[in-house]
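**Student:** Before I ask anything, let me first share the structure, which is written out below as C-alpha cells.
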Amino acid sequence: MLTAVSDPRAAGATLTEVDVSPDLKQARVYLTHHRGEEAAREAVKALNRASGHLRRRLAGRLSLRIVPQLVFTYDPSVDQGFRIDALLRKAHAKDEKES
C-alpha cells in the first residue's frame, strides 16, 4: 500500500503496528525507517499528506461500511532497541577486554 504514495519521503518506511479504534473510525499507523528517526518523521509527514488517497485505496479493498481515518505516527521502539543493543554490545566488549 505504501508503494501507492509517490512522495519519495515515504520510500523506505516500514509499518510496525496499527491500532484501530473500537468504532473503526480511526487507525493509528506506526512506522519506522531504515535511515533513522529524521527520515521516519519525514515519511510520517508524507504519509499523513497522502492519507486521503490511501484511505480511498483501502475503501476499494475493504468490505467495511466505515473506512478508518489514517493517522501516521513515528514508532521510536525499533530505534530504541538498536540503541539498547549497541550499549549492551559495548558493555559486553568492555567486560571481555577487562577479563
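Please treat every number below as a calculation from the coordinates, not as lab data. Just so you know, these numbers come straight off a predicted model, no measurement behind them. In this analysis, Cβ positions are derived from the backbone assuming ideal geometry, glycine residues included, and neighbour counts consider all displayed protein chains.
**Student:** Report the residues of the range 31-51 in range of a label on ASP19: point 7 Å along Cα→C-beta, backbone N strictly under 14 Å from it.
**Tutor:** What the label zone holds, given the 14 Å backbone N cut-off, is 31.
**Student:** Could you work out which residue, out of LEU58, LEU24, LEU87, moves most in a Gaussian network model of the chain, that is, has the largest mean-square fluctuation with Cα springs under 10 Å?
**Tutor:** Top of the fluctuation ranking is LEU87.
**Student:** Right, another one. On a C-alpha basis, how far is the centre of the range 13-37 from the centre of the range 62-86 in Å? Whole number, if you could?
**Tutor:** 3
**Student:** Taking a ≥ b ≥ c as the square roots of the Cα gyration tensor eigenvalues, with a/c under 1.5 meaning rounded and otherwise prolate when a/b beats b/c, else oblate, which class fits the range 8-99? Numbers along the way, then the final one.
**Tutor:** On the way: a/c = 4.34, a/b = 2.56, b/c = 1.69.
Cα axes put the range 8-99 in the prolate bin.
**Student:** Under a point spin-label approximation (7 Å from Cα along Cα-to-Cβ), what is the SER77-HIS92 distance to one decimal in nm?
**Tutor:** 2.2
**Student:** Also, quick follow-up: Run the numbers on the chain and let me know its relative contact order in percent, using alpha-carbon pairs under 8 Å that are six or more apart. Can you show the working numbers first?
**Tutor:** Values: 123 pairs, mean separation 28.4, N = 99.
Once normalised by length, the contact order is 29 percent.
**Student:** Another question, then. Looking at the chain only, what percent of DSSP beta bridges run antiparallel? Nearest 5 please.
**Tutor:** Values: 7 of 13 bridges.
Roughly 55 percent of the beta bridges in the chain run antiparallel, per DSSP.
**Student:** How far, in nm, would the chain grow between LYS45 and ARG28 when pulled straight, counting 0.36 nm per residue and subtracting the alpha carbon separation? Walk me through the numbers on the way to the answer.
**Tutor:** Values: separation 17, 0.36 × 17 = 6.12 nm, distance 1.38 nm.
4.7 nm is the gain from fully extending LYS45 to ARG28.
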